[in-house]
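No value in this document is a laboratory result; all are computed from the given coordinates. Note that this is a predicted model, so its numbers are computed, not measured. Because the Cβ atoms are built from the backbone with ideal geometry, glycine has one as well, and the counts that use them run over all protein chains shown.
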Amino acid sequence: MTTRRTFIQHLGAAGALTLIPALNVSVARAADKVPEDDPTAKALRYVEDGTKATRTDKMGVKGADQVCDNCRFYGLSEQTDDWGSCQLFQNRLVAGPGWCAGWVPKA
Ligand code: SF4
């Protein structure tokens, strides 16, 4: 027979087990910043400091105003400090003030 105490004990263990994968993901993502010498980053001319890139006006937005922070592919929910996930880089982290040629404005 399951008592309320054993039910709560089992629930606690199950809850702890569900947290472990979440913790592993956040640790892996935090360490998984896109390096500028990554082949995809090079192809898209990604830089951590957008001011170092030659950014031409695009979709009505001045080049100087284009940064990862205001890009459609930037993942706000993954932001830690000034880094966020980018869909073009398999949700690895890119710098908020960064830029790449895949930039498009947020909808
Ligand atoms: S696609 Fe957008 S968020 Fe991703 S690196 Fe390029 S500019 Fe930054």
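Computed over the stretch 33-107, the range of Cα coordinates on each principal axis works out to 27, 26, 18 Å, biggest value leading. The stretch between GLU36 and THR54, if pulled fully straight at 0.36 nm per residue, gains 5.0 nm over its current Cα-Cα span. Site pair GLN87 and ALA101 shows an inter-label distance of 2.1 nm when each label is modelled 7 Å from Cα along Cα→Cβ.
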